[in-house]
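Note sheet for the following structure.
The values are calculated or read from the model by the stated rules, or taken from the named source; none is laboratory data. Treat the numbers as computed from the prediction; the structure is a model and nothing was measured. Here the Cβ positions follow ideal geometry from the backbone for every residue, glycine too, while neighbour counts run over all protein chains shown. The accessibility values were calculated without ligands, DNA or RNA, using every heavy atom of the protein model including side chains. Shrake-Rupley method; radii C 1.70, N 1.55, O 1.52, S 1.80 Å.
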Amino acid sequence: MPYLTSTDVTLRTSGAEGLGVGVPGYAHPLLAPTEWAELNRPGTPLHWAVLNIDNGPGARPDPHCLEAAGRLRNARERALHGDAPDDAVRAAGGRLLGHLDLAFGSRPFGELVADAQSFLDWYRVGGFYLDRCPAERAGLPGVRRLTGTLGALLEDSDSAGGGGMLVLGHGTHPHPGYAEAADQLVTFRGPWTDYRWSQVAEWTAAYEPGRFAHFVHGVPRTHLEEAMRVARWQGAGTIFFTDRDARRGQNDPFAALPSYWDEFVSRIGPGISE
């Protein structure tokens, strides 16, 4: 069973969200039209989805991505302000996040800010996913500087609607100080064979589940409920589970829908016991 590992750190809690889906980044809308369409389906418990054109915003606006971004924004508006309250309960008003690759702290600050501005100008994103984010204490000042600047850009933008969102894509438990640098941290990204026996740092218990996300590939359908129990036990508020894996030529197991997508999202819906 997973268990807690002590770091002797006590931190304040933050606001919580209901359990929902975070999409690390589907393939281009031309290659994955079904995946992008599913994000707009009424009642989908979507927290956010990442838009990644060419390891960032690309060199110019992509018409297919512009269309996908517009549809997701419209779905968010319907979920939050529409006339179907049941949908508003299930849907978290899914945000579109622009993909920024930090390359573990090696990318220049100016390049990242320029990419962020392009995402805002072209696709009107509601936040950013900072992929390959450093996890060590030494990288924290640079990440804080970046997230502070991104937060200011989002405040000045009319696309964030209700405040932007920043997600740090560590993929592992970082130094606790990162929890104060963004809205959410990805503290696990990897295979089911590791996840089912994974550990969670004790300091995470001081925060609400809405602060953490887990992405797990290679989860068999027969272990889907077990995986969701692990996520709840470890305090994750945003999840993406798939039976796809990195073998058999699948370079990115998160680029397409799992075969059990309907079952997955229905298990996340209201009425599931914690």
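A few points about this structure:
- Dividing the mean sequence gap of close Cα pairs (under 8 Å, 6+ apart) by how many residues segment 115-186 holds gives a relative contact order of 39 percent.
- Shown in residue order for segment 39-54 are the 3J(HN,Hα) couplings computed by the Karplus curve 6.51 cos²θ - 1.76 cosθ + 1.60 at θ = phi - 60°: 5, 8, 5, x, x, 5, x, 8, 8, 6, 9, 9, 9, 9, 7, 8 Hz (x for Gly and Pro).
- Residues whose amide H comes within less than 5 Å of that of residue 23, counting only those at least five positions distant or on another chain, are 48, 49, 50 (H built at 1.01 Å from N in the peptide plane).
- For residue 189, distant residues with modelled amide H under 5 Å away: 215
- Across the protein chains, with a 1.4 Å probe defining accessible surface, the residues 107, 145, 132 rank 145, 132, 107 from largest area downward.
- Sequence-ordered 3J(HN,Hα) estimates for segment 182-196 from the Karplus curve with 6.51, -1.76 and 1.60 and θ = phi - 60° stand at 7, 7, 8, 10, 8, 9, 8, 8, x, x, 4, 4, 8, 5, 5 Hz, glycine and proline given as x.
- Cubic angstrom per residue, convex hull over Cα atoms of segment 99-225: 127
- At 1.306 mPa s and 10 °C, Stokes diffusion of segment 181-274 via Kirkwood alpha-carbon radius, µm² per second: 115
- If R0 is taken as 41 Å, the Cβ-Cβ distance between residue 266 and residue 55 corresponds to a FRET efficiency of 0.80.
- A simple rule links phi to the HN-Hα coupling: the Karplus curve 6.51 cos²θ - 1.76 cosθ + 1.60 with θ = phi - 60°, which for segment 236-246 gives 8, x, 10, 9, 8, 10, 8, 7, 6, 9, 8 Hz, with x for Gly and Pro.
- Percent RCO, i.e. relative contact order, over segment 174-274, from Cα pairs under 8 Å lying at least 6 residues apart: 23
- Residue-level accessible surface for residue 104, protein heavy atoms, 1.4 Å, Å²: 130
- For segment 94-242, the per residue solvent-accessible surface stands at 37 Å², with DNA, RNA and ligands left out and a 1.4 Å probe.
- Contour excess over end-to-end distance, with Cα ends at residue 152 and residue 80 and 0.36 nm allotted per residue: 23.5 nm
- Taking amide H atoms as placed 1.01 Å from N in the peptide plane, the amide H of residue 166 lies under 5 Å from those of 128, 183, 184, each 5 or more residues away in sequence or on another chain.
- Largest accessible area first, the listed residues 53, 268 line up as 53, 268 when surface is computed with a 1.4 Å probe on the assembled protein chains.
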